[in-house]
Amino acid sequence: MIVQQIKNNSFTLELIDTGHSNPWVKKAKMKRYLSACLPVFEEFILGKTGLGLKSQGVKEIEMTLTLCGAQKIRSLNKEYRNKDKKTDVLSFPVHEQLREGEDLMLMGMLNLGDVIICKEVAKKQAADFKIDVEGETIHLLVHGFLHVLGFDHEISEAEEKVMQDLENKLLNKISKRLKR
């Protein structure tokens, strides 16, 4: 297992790769893609056009991203969602509804929770979509990020549209950062 931190200003991503062979966290391209996400996530959480949580005293943000295998994600999916199958991404938020202005009562630190991505599923989906595995991993991370903030595409079609629109908006911003 490899644990690393990627940091941008006030956003820290703790990155855990449970793989024993070919760890993704050591790949420069993956680090570059992940690093491009952090300022976009930070702005979405703190900025006035996003959640605006800076006004609630948030100064530091942290989130954990775990990259795991199919067996681990299947086990977690079964335990927490009663679904005995592997999936691409799971999210475990610390707060119930950050997007609806939950009273945070913090001392400046906001822990968002955990996002877990299955490397095998991400790799297969990348091949299916004809994109690189880093791009698919970032798409799954953005999806998981929105879930830890309280967005849930499974509640309604309207909510699915809201989440899809936000995913596209965030992915476009990340893509622009990667082209610099």
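The values are calculated or read from the model by the stated rules, or taken from the named source; none is laboratory data. Predicted model only: the values in this text are computed from it and were never measured. Cβ: placed from backbone, ideal geometry, glycine included. Neighbour counts: every protein chain shown.
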I'd like to verify a number: residues in the stretch 148-172 that are touching a residue at least 24 places away in the same chain (Cβ under 8 Å) and more than 15 Å from the chain's Cα centre (by Cα), how many? 0
Within the stretch 1-30, the count of residues that are assigned to a loop (DSSP other than H, G, I, E, B), among the charged types (D, E, K, R) and buried (at least 16 other Cβ atoms within 10 Å of the Cβ) comes to 0
Test of understanding: among Glu42, Glu136, Glu79, which residue is closer than 18 Å to Met163 by Cα, without any contact (Cβ under 8 Å) to a residue 24 or more places away in the chain and assigned to a helix (DSSP H, G or I)? Glu136
If I ask for residues that are modelled with pLDDT of 95 or more and either hydrophobic (A, V, I, L, M, F, W, C) or farther than 29 Å from Gly50 by Cα (or both), which ones from the stretch 84-111 would you list? Asp84, Lys85, Lys86, Val89, Leu90, Phe92
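One line per residue, one yes/no per condition, for (1) closer than 22 Å to Lys179 by Cα; (2) basic (Lys, Arg); (3) modelled with pLDDT under 90:
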| position | (1), (2), (3) |
| --- | --- |
| Gly57 | no, no, yes |
| Glu62 | no, no, no |
| Leu67 | no, no, no |
| Gly113 | no, no, no |
| Lys124 | no, yes, no |
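Out of everything in the stretch 28-39 that is among the basic types (Lys, Arg) and in contact (Cβ under 8 Å) with a residue 60 or more places away in the chain, what residue ends up being farthest from Ser10 (Cα to Cα)?
Start the filter on the stretch 28-39 by keeping residues that are among the basic types (Lys, Arg), which leaves 29, 31-32.
Then drop every residue that is not in contact (Cβ under 8 Å) with a residue 60 or more places away in the chain, which leaves 29, 32.
Working: Lys29: 22, Arg32: 18 Å.
Once the filter is applied, the top-ranked residue is Lys29.
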Meets criteria (of a type in the set (Val, Ile, Thr), under 16 Å from the mean Cα position of the chain (by Cα), closer than 26 Å to Val133 by Cβ and at pLDDT below 90) for Val25: yes
Do the conditions hold for Glu120, that is, is it without any contact (Cβ under 8 Å) to a residue 24 or more places away in the chain and not hydroxyl-bearing (Ser, Thr, Tyr)? no
Of all residues in the stretch 37-66, which are under 20 Å from Lys119 (Cα atoms) and surrounded by fewer than 21 Cβ atoms within 10 Å (Cβ to Cβ)? Thr64
